[in-house]
Each structure stands twice: as C-alpha cells, then as structure tokens.
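The values are calculated or read from the model by the stated rules, or taken from the named source; none is laboratory data. Note that this is a predicted model, so its numbers are computed, not measured. So basically every Cβ, Gly included, is an ideal-geometry build from the backbone, and we count neighbours across all protein chains shown. Side chains included, ligands, DNA and RNA excluded: accessible areas come from the protein's heavy atoms. Shrake-Rupley method; radii C 1.70, N 1.55, O 1.52, S 1.80 Å.
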Amino acid sequence: MQAHLDEDSRSFKEELSTMSALISASVSDFTFEQLLGSGSSCIAFQVLYKGTTPELYSSGPAASLSKKMVMKVVPNCENTGETLLRRKYMECITLSVIPHHPNVIHPLGAIAIPRLPENFVAAIPKERSPCREMALNPSVAILFPLCGITLLKFLSALAPANIVDVTLNVFKQALEAVHHIESHSVVHRDIQESSILVDPETRKVTIIGFEEAQRCPDTNLECMVSHATLPWGTLSTMPPELDTLRHTLKGGGSAMFSYSKCDSFALALTFYNALLPPDHKFIGTRRNLYMHGFTTETLLTSFPLAPPPSESQRATQRIIVDVLVAMMHPDKASRMSALDAIATLRFLLE
C-alpha cells in the first residue's frame with residue numbers, strides 16, 4: 001500500500017488542498033485554551049475561534065458548531081520529510097476520499113501558520129522536545145470540530161438505569177461509521193477508546209483519529225503489506241490474524257492481506273472494555289482468551305458487566321454482548337461484520 005501511495009507524485013500540501021482549501025483565517029484569530037495531545041507526529045490544541053471567516057460558519061458540517069474547535073498542527077514538510085508526513089498525516093489525506101457522514105470526523109478547513117504564538121508552544125511539556133521542535137517549525141494547521149468526550153468518560157457518567165439503552169444507541173452509531181469508512185476502501189487501524197467521542201448532550205458519536213488510516217486499492221480492503229507497512233495504532237486492540245502476520249513477516253518478505261473486519265474487531269473490543277467496571281480490564285488479555293476460546297458465557301464470567309435493573313434490559317444487554325463476541329471471533333471468516341451487526345441490532349431500536 002505504501003508503494004501505491006508513493007506512485008502519486010503530488011506533494012503533501014497538494015494532497016491537503018484536495019481535503020480542504022486553505023481558508024483566510026490566521027493563527028491570530030484563535031485563542032489557546034488547552035493542549036489536547038502531543039506525540040511524535042501530532043500536536044493538537046483546543047482553541048477558541050474569535051474571527052469571522054465565512055468558511056467556518058457556512059452551511060454543512062460547520063453550521064452547527066460553536067467557536068471551540070481542535071487545531072492540529074502539521075510541521076514543516078521540508079524539515080520533517082515528505083514520506084513521514086504522508087504516512088503520519090493520512091488523517092488529512094484519507095478523509096478527502098470518505099464522503100461526509102454524521103459519525104465520522106471531517107475537517108473544517110486548514111490555515112497556513114508561519115509560526116505559533118508563544119503560549120501554544122509553552123503548553124507542550126519540556127520533556128517532549130521533539131514536539132516542541134515541531135511546534136517551533138509549523139507549516140499548516142488543520143481545524144476540526146470539537147466533538148465531545150471519550151467513550152469511557154461518557155459511559156462512566158451514565159446512570160445504571162440508562163446504560164443499556166444508551167449503549168445500544170451509541171454502539172449502533174459507531175458501527176454505522178465503521179461500515180461507512182470500510183465501504184469506501186479505507187481502514188482506520190486505530191479504533192480505540194480515545195478515537196470514539198460522544199457528545200454528552202446529543203449523544204452523537206464521532207469517530208476521529210485517522211493518523212494511521214490506510215486507503216486500499218479495492219473494496220475488499222486488500223493490499224500488499226510488509227512488516228514495515230503493517231502499523232496498528234493500538235496494539236492491544238489488534239486482531240489476532242494481523243498479530244500473527246506481523247510476526248510471520250518480521251524476518252522480511254511481503255504478503256497480501258485483507259483488512260476486512262479488522263476495525264470491527266477493534267470496535268467491539270473497545271466497547272466491551274469501556275462497559276467494564278473500573279476494577280476489571282479486558283484489553284491486553286485477548287491472547288489468553290483466544291488460546292482457550294470464549295463464548296458470551298465465558299466472557300461475562302471472566303469480565304462481568306454490571307447487571308441492568310430490568311428483565312428487558314438484561315435481555316438487551318445479552319444481545320449486545322452476543323454481537324460483541326461475534327465481532328471478536330478469532331477466525332476472520334466467522335467474524336461478524338459491522339454491517340451484519342447493524343442488522344442484528346436494528347430491531348432493538350425499532
């Protein structure tokens with residue numbers, strides 16, 4: 001797949017322009033609020049927009065947004081390296097080929113940044129020196145809507161009487177987003193608790209975090225891979241077949257691999273873990289479960305969910321867990337897809 005991308009001679013900035021034209025706002029139109037995250041390839045700030053650029057208040061995804069938004073800073077291409085940027089900032093490139101969906105993050109626009117204000121740079125911990133260097137040498141900032149809180153925080157705040165019904169609604173939204181992404185030959189490759197955001201007021205789900213995303217040449221999500229081109233953002237949610245292939249290719253070589261149902265696996269694993277009480281932990285133990293096999297009964301016995309108050313809610317919880325188990329099947333051929341999971345759960349919402 002990397003070779004497939006490298007065949008495209010367009011520069012990163014040209015790719016970025018296909019995602020969203022540079023808008024006329026400047027960094028001075030934004031007030032720093034907090035640092036959201038800083039990693040080896042990404043610096044994200046929560047900002048308050050105080051300008052009047054029409055593009056940020058036009059019809060479409062930006063129409064209902066408040067002035068709070070997320071600013072992701074992209075370092076200068078000349079100093080960082082084109083190849084690194086094309087891999088690390090697939091979020092920008094990939095989103096340009098995914099049609100708008102209410103449960104998938106879409107950028108509001110991008111602005112040129114010759115330099116960041118001092119208070120932005122000062123918010124980055126001094127021990128994160130590579131991030132500070134990126135902040136001192138910015139190129140472009142991509143603006144995203146501020147979509148809510150993480151799945152775990154959202155579910156933890158729910159009253160026990162509401163958790164089953166709300167989880168069902170939220171889970172279905174996430175499934176529809178994953179199916180939409182896959183149906184356009186894209187694999188997310190980093191579905192985890194922090195990449196699933198929920199608006200506490202509207203309960204709308206948004207899938208974010210496409211830095212590790214990959215476009216595939218065909219609708220079966222199949223492409224040629226090597227050990228170097230098989231990244232998975234969160235190893236604890238990696239499907240077993242991908243884990244096996246990574247070890248097989250560690251010594252070299254390449255193979256054809258289909259990412260079909262990989263994001264579905266990670267989504268199911270993430271949701272079950274988010275539903276667990278604080279003193280339990282499912283993520284990180286999947287290898288042991290696969291060695292012995294598991295069913296809904298063994299999963300609930302080893303990692304019990306809090307029982308809902310009513311009989312009807314207990315029945316709904318059981319169906320949800322049945323679907324999660326089917327989506328985490330170790331055999332990909334037997335694994336339930338996101339589309340089949342949506343069909344299974346649909347009658348519960350009617």
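Being crowded, with 17+ Cβ neighbours inside 10 Å and modelled with pLDDT of 95 or more is not true of residue 266. Within region 86-136, restricting attention to residues that are open to solvent by 50 Å² or more (accessible area, probe 1.4 Å) and of a type in the set (Lys, Arg), which residue is modelled with the lowest pLDDT? Looking at residues that are open to solvent by 50 Å² or more (accessible area, probe 1.4 Å) and of a type in the set (Lys, Arg), I get 87. The residue of region 168-202 that is least open to solvent (accessible area, probe 1.4 Å), among those that are under 22 Å from residue 236 (Cα atoms) and polar (S, T, N, Q), is 195.
Against the list (1) farther than 11 Å from residue 145 by Cβ; (2) at pLDDT below 75; (3) open to solvent by 60 Å² or more (accessible area, probe 1.4 Å), the condition residue 66 fails is (1).
One line per residue, one yes/no per condition, for (1) closer than 23 Å to residue 106 by Cα; (2) among the hydrophobic types (A, V, I, L, M, F, W, C):
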site: 184; (1), (2): yes, no
site: 200; (1), (2): yes, no
site: 213; (1), (2): yes, yes
site: 220; (1), (2): no, no
site: 230; (1), (2): no, yes
site: 255; (1), (2): no, yes
site: 279; (1), (2): no, no
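Here is the figure for region 196-227: residues that are without any contact (Cβ under 8 Å) to a residue 24 or more places away in the chain and small (Gly, Ala, Ser) total 0. Screening residue 139 against (1) out of contact with any Gly (no Cβ under 8 Å at 6 or more places or on another chain); (2) surrounded by fewer than 16 Cβ atoms within 10 Å (Cβ to Cβ); (3) not aliphatic (A, V, I, L, M) leaves a single unmet condition, (2).
So which residues in region 203-241 are more than 18 Å from the chain's Cα centre (by Cα) and open to solvent by less than 60 Å² (accessible area, probe 1.4 Å)?
So in region 203-241, the residues more than 18 Å from the chain's Cα centre (by Cα) come out as 217-220, 222-229, 240-241.
Of everything in region 203-241, those that are more than 18 Å from the chain's Cα centre (by Cα) and open to solvent by less than 60 Å² (accessible area, probe 1.4 Å) turn out to be 218, 223, 225, 226, 229, 240, 241.
Name the helices (runs of 4 or more DSSP H) wholly within region 288-350 that hold at least 1 residues that are open to solvent by less than 20 Å² (accessible area, probe 1.4 Å) and modelled with pLDDT of 90 or more?
Details: elements: 296-302, 311-327, 338-349.
Those helices (runs of 4 or more DSSP H) span 311-327, 338-349.
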